[in-house]
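Enquirer: There's a structure below that I have some questions on.
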């Protein structure tokens, strides 16, 4: 019975993980039907719409439509402020895999109900001696955990993205400075950064260039980039670039100053993390390493005492 329960739990958890990943996958990578049509046209084959639809993956045909419909239903009862805040946080995370607020909220409710259903099943099969109040508290607790897991994952993604951008900014500004001093314009220098690197900062620069190609002013595109990134370093960098453009200050000199400031800030953050390290090490030292050392050191002495004449004095008969 225990093996059956373990197998069922593993199956349900894997299913929940698959649904969450489906909810976080790319939803803006283009029309899959159009891609299938292009593939058939390239091979010179003709196919009906039904054949093209059946050639899509199971997740595209079944799971994604279910998630979208559930998300549309959930968003009807979700406050508009919550949707706007979710959209803002998704932008800060870099829109991972084309995630939108509808799919995000659908993933939250799906995972919450999956965990709740899992524990309802476990309480139905076993643990029948528990009271209903105790079962309800446990089920509600894990449903709340499941509801907040996607939110925690999104927060982690935001922090990782901002940390990566902070780390890459000094080197990117050095390259911008070199390109501008060599005679390139600021737009061409950003294009060089996009071509040289493949990270979150280069993706942000690439989006700025795309928006400028579509007709948006450079200062507006840069301000929007700073809002999407959400870190003070990027905001100050964009403000300096816009100010130098308006006042006619040398762009190379401004970039050089910004690069030096970014490098100083990166060194200060590294020093701050180094000062935090001893405090963070106290918990594993106190809970894991010190008890292990005590066991290793005290066990031989304890065995010697047990075998000595002092056994009766210390431990009695």
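Coordinate-derived values only; no laboratory data. Bear in mind that the values here come from a model prediction, so they are computed numbers and not experimental data. Every residue, glycine among them, receives a Cβ derived from its backbone with ideal geometry; neighbour counts consider all protein chains shown.
Enquirer: Taking Cα pairs under 8 Å and at least six residues apart, what relative contact order does the stretch 164-267 come out at, in percent? If you can, show how the numbers build up before the last one.
Expert: Working: 86 pairs, mean separation 35.2, N = 104.
That works out to 34 percent.
Enquirer: Ranked by Cβ crowding within 10 angstrom, fewest neighbours first, how are 113, 104 ordered? Kindly include the intermediate steps, with their values, before the conclusion.
Expert: Numbers: 113 16, 104 23.
Fewest to most other Cβ atoms nearby, the residues stand as 113, 104.
Enquirer: Next question. Points 7 angstrom from Cα along the Cβ direction at residue 268 and residue 72: gap in nanometres?
Expert: If labels sit at residue 268 and residue 72, their model points lie 5.0 nm apart.
Enquirer: Which distance in nm do the two modelled labels at residue 210 and residue 292 give, with both placed 7 Å along the Cα-to-Cβ direction?
Expert: Taking the two extended label points, one gets 4.7 nm.
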